[in-house]
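The values are calculated or read from the model by the stated rules, or taken from the named source; none is laboratory data. Just so it is clear, the model here is predicted, and its values are computed rather than measured. Here the Cβ positions follow ideal geometry from the backbone for every residue, glycine too, while neighbour counts run over all protein chains shown. Protein only, heavy atoms only, side chains kept; ligands, DNA and RNA dropped before computing areas. Shrake-Rupley method; radii C 1.70, N 1.55, O 1.52, S 1.80 Å.
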Amino acid sequence: MKRYLSVGLVSLISVITMNQSRAQQPVADTLDIEACISTYDADKSSPTKVGHQFWFVDKEFLDGRTLKLSAVAPGLATHPPHQHEEDEFFFVLEGTAEFYLNGKTVEVKPYSTLYCPSWSMHGIKNVGDTELKYLVIKKYQN
């Protein structure tokens, strides 16, 4: 089980760091260490209808790659199942999530990686009795 968790986490981290555009100047030449660190700050999170969100990396930072924490109250979902051009990953940190993908659902616990392929109908809902916290990793189209 630990091996699968490690593989999922490594896959998730790879999405964040891979494929820097060859046409761009290397990131190491343009950013100092302070610009490369983002620490969660509840005071800087944004309220949502179902909880809050915190952007560790927004789409303006690099080339559309993002990393966001979403927090959802028990029994709620950020939005109904939907689809979009970009694929995305969810990584469950705390709580119990119901993952919907193309007509099927599965319940998952912390340290689960969920992949939403491009144009798939997908969604995530808090089915536990505590706050659900998960990371969303996505690269927006330019």
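Put simply, the C-alpha atoms of the range 97-142 give a gyration tensor, and the ellipsoid matching it has half-axes of 20, 14, 8 Å, longest first. As an exercise, use a Förster radius of 25 Å and the Cβ-Cβ distance of residue 44 and residue 94 to find the FRET efficiency, rounded to the nearest 0.05. The value I calculate is 0.80. In sequence order, the range 80-85 has phi-based couplings of x, x, 8, 9, 7, 4 Hz under the Karplus curve 6.51 cos²θ - 1.76 cosθ + 1.60, θ = phi - 60°, and Gly or Pro positions carry x. Protein-only accessible surface at a 1.4 angstrom probe places the residues 55, 119 in the order 119, 55, largest first. Taken one residue at a time, the phi angles of the range 89-97 give Karplus couplings (6.51, -1.76, 1.60, θ = phi - 60°) of 10, 10, 10, 6, 9, 9, x, 10, 10 Hz. Gly and Pro are set to x. Listed by chain and number, the lysines whose C-alpha is less than 16 Å from the C-alpha of residue 109, apart from same-chain residues fewer than 8 away, are 2, 125, 133. Label sites at residue 119 and residue 142, each approximated as a point 7 angstrom past Cα along Cα to Cβ, lie 2.3 nm apart. Annotation: amide H of residue 45 has no partner in the under-5 Å range at sequence separation 5 or more or interchain, hydrogens built in the peptide plane. Backbone amide hydrogens, once placed in the peptide plane, bring residue 56 within less than 5 Å of 67, 68, 69, excluding anything fewer than 5 places away on its chain. Taken one residue at a time, the phi angles of the range 115-127 give Karplus couplings (6.51, -1.76, 1.60, θ = phi - 60°) of 10, 10, x, 3, 6, 6, 7, 8, x, 9, 9, 7, 10 Hz. Gly and Pro are set to x.
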